[in-house]
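Participant: Take a look at this one; I'll ask things after.
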Amino acid sequence: SRAEAGGGWRPSRAALRQPALWAPSGIPTPGPHGAPWGREGLGPQRAMPHAHTAWTAACGSEWHLGHRPQFHPLKHGFDEWFGSPNCHFGPYNNKARPNIPVFRDWEMVGRFYEEFPINLKTGEANLTQIYLQEALDFIKTQQARRRPFFLYWAIDATHAPVYASKPFLGTSRRGRYGDAVREIDDSVGRILRLLGDLGLRKDTFVFFTSDNGAALVSAPKQAGSNGPFLCGKQTTFEGGMREPAIAWWPGHIPAAQVSYQPGSIMDLFTTSLSLAGLKPPSDRAIDGLDLLPAMLQGRLTDRPIFYYRGNTLMAVTLGQYKAHFWTWTNSWEEFRRGVDFCPGQNVSGVTTHTQEEHTELPLIFHLGRDPGERFPLHFDSIEYLDVLSRISPVVQQHQEALVPGQPQLNVCDQAVMNWAPPGCEKLGKCLTPPESAPAKCSWPH
């Protein structure tokens, strides 16, 4: 199945818990680690309403929706958490910036590169195995208690710097990245096997996808491939946004079927509520679609999908067509320093290094014939004019109904980083933060 994600980690994770578009959410793109931000829009009600009906919800691995106390997973619908507030960047010297902490529930239990080592030279780390064991233990515990559960398992081994545990290192033809993928594949298999052993196969819905396309800026050794699709993570071309998605529910979803329903990570919120027999909140606009009719009955819903970068509506898909209102990969300044979001994929007039506006005459592609977005329709063709006449009112209606969110990533301050998280006193791991010096964040892309 085809799913659309955010062009980076944060908008996708925000969409999973609050099915609203990224510009209204106030979390438009990945931001610097010194940004004192978080997902305010989750509101007073829990982001995972399952817990109101005696469900137990757990979050494993990367959170990426704010590290300050008010943005903690346990304040936003989860009952348990083992993981980190950020990705495993580092190592840092704990002076200019601290190493990222790892939490169990409310308190840190160590830091990456310290209690949770990652060998950048060999790529060896046991993190995936640690996260896997946490997931298996959680499932066993909930089954023993006869409680339904929600598990959000967000491993990050394929994010640069890529890592794998020793039994998987050197086992693939794809280098370290392939080793990490093999370990994730094995781990998912072990989770599914446990569900079978516990007799939960027919009572458990599993959805596997990703938060963005392959980060080609780290390719080929530290990233995957987007196949025929254009560019990668950080962009709103198909390589940055389109994801594979696998839904598994034996006895309910027929095996080996392919759905052509365009989906979004926003849809997982609405779909999860439907599975739990709950209705979405009525006090806000819900952009997520219930995917159960598509997965269970093969019913397709014609719906637009909007692509944002920052506060800018870059593109929209409707059916097989995609219209670009703006094109941009990254700046010339970054590109000249070797930062390339589209390596080997220069498409004249499309993969631009300046922000090019096409709002009057958008570039329109037929993604069925041209999934690589290389051959825009001719402006004077009947096909172009017909598609434009259908897309324009959809975009106008969307923009008129849009309520922008309060920006949450526009101020950076090194003092708010993970210097002294809760629990650091017990471990002797508290660090002294620098003096607070708020400043406007730098957004190179």
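The values are calculated or read from the model by the stated rules, or taken from the named source; none is laboratory data. Bear in mind the structure is a predicted one, so any value in this text is a computation, not a measurement. A quick note on method: Cβ atoms are made from the backbone with ideal geometry, for glycine too, and the neighbour counts reach across all protein chains shown. Ligands, DNA and RNA are excluded from the accessible area calculation, which covers all protein heavy atoms including side chains. Shrake-Rupley method; radii C 1.70, N 1.55, O 1.52, S 1.80 Å.
Participant: In region 140-154, is there at least one residue being out of contact with any strand residue (DSSP E or B) (no Cβ under 6 Å at 6 or more places or on another chain), under 24 Å from Leu427 (Cα atoms) and open to solvent by 50 Å² or more (accessible area, probe 1.4 Å)?
Facilitator: Among the residues of region 140-154, not one is out of contact with any strand residue (DSSP E or B) (no Cβ under 6 Å at 6 or more places or on another chain), under 24 Å from Leu427 (Cα atoms) and open to solvent by 50 Å² or more (accessible area, probe 1.4 Å), which makes the answer no.
Participant: Scan region 259-275 and give yes if some residue there is out of contact with any helix residue (DSSP H, G or I) (no Cβ under 9 Å at 6 or more places or on another chain) and of a type in the set (A, V, I, L, M), otherwise no.
Facilitator: no
Participant: Taking region 406-426 only, how many residues are surrounded by fewer than 16 Cβ atoms within 10 Å (Cβ to Cβ), in a helix (DSSP H, G or I) and not charged (D, E, K, R)?
Facilitator: 1
Participant: Then there is this: Would you point out the residue of region 281-292, among those that are of a type in the set (Gly, Ala, Ser) and more than 20 Å from Phe207 (Cα to Cα), that is least open to solvent (accessible area, probe 1.4 Å)?
Facilitator: Per the stated criteria, the residue is Ala285.
Participant: Filter region 84-130 down to the residues that are on the phi > 0 side of the Ramachandran plot and at pLDDT below 95, then identify the one that is surrounded by the most Cβ atoms within 10 Å (Cβ to Cβ).
Facilitator: Filtering first and then ranking leaves Gly90.
Quick grid of which residues meet (1) free of Cβ contacts under 8 Å to residues at least 40 places away in the same chain; (2) within 20 Å of Leu74 (Cβ to Cβ):
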| site | (1), (2) |
| --- | --- |
| Pro117 | yes, no |
| Ala125 | no, no |
| Leu132 | no, no |
| Gln142 | no, yes |
| Pro148 | no, yes |
| Ala154 | no, yes |
| Pro161 | no, no |
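Participant: Going by the structure shown, is Glu435 in a loop (DSSP other than H, G, I, E, B) and open to solvent by 70 Å² or more (accessible area, probe 1.4 Å)?
Facilitator: yes
Participant: Any idea which residue in region 298-329 is modelled with the lowest pLDDT, counting only those that are among the polar types (S, T, N, Q) and surrounded by fewer than 21 Cβ atoms within 10 Å (Cβ to Cβ)?
Facilitator: Asn311
Participant: Among what's in region 179-206 and is in contact with a strand residue (DSSP E or B) (Cβ under 6 Å, 6 or more places away or on another chain) and acidic (Asp, Glu), pick the residue that is nearest to Arg145 (Cα to Cα).
Facilitator: The extreme case among them is Glu183.
Participant: Hey, another quick one. Quick one: which of Met266, Met295 is open to solvent by 10 Å² or more (accessible area, probe 1.4 Å), hydrophobic (A, V, I, L, M, F, W, C) and closer than 20 Å to Asp203 by Cβ?
Facilitator: Residue meeting the stated conditions: Met295.
Participant: Let me ask another. Can you tell me how many residues in region 364-405 are of a type in the set (D, E, K, R), touching a residue at least 40 places away in the same chain (Cβ under 8 Å) and open to solvent by less than 30 Å² (accessible area, probe 1.4 Å)?
Facilitator: Adding up the residues that qualify gives 1.
Participant: Looking at (1) of a type in the set (Gly, Ala, Ser); (2) open to solvent by 30 Å² or more (accessible area, probe 1.4 Å); (3) in a loop (DSSP other than H, G, I, E, B), which is the one condition that is false for Ala214?
Facilitator: Of the numbered conditions (1) of a type in the set (Gly, Ala, Ser); (2) open to solvent by 30 Å² or more (accessible area, probe 1.4 Å); (3) in a loop (DSSP other than H, G, I, E, B), the odd one out for Ala214 is (2).
Participant: Test of understanding: among Pro24, Pro28, which residue is modelled with pLDDT under 60 and either open to solvent by less than 10 Å² (accessible area, probe 1.4 Å) or assigned to a loop (DSSP other than H, G, I, E, B) (or both)?
Facilitator: Going through Pro24, Pro28 in turn, the sole match is Pro28.
Participant: Of all residues in region 330-342, which are open to solvent by less than 20 Å² (accessible area, probe 1.4 Å) and in contact with a helix residue (DSSP H, G or I) (Cβ under 8 Å, 6 or more places away or on another chain)?
Facilitator: Phe341, Cys342
Participant: If you go through region 156-167 one residue at a time, how many are within 26 Å of Pro85 (Cα to Cα) and open to solvent by 10 Å² or more (accessible area, probe 1.4 Å)?
Facilitator: So the count comes out to 5.
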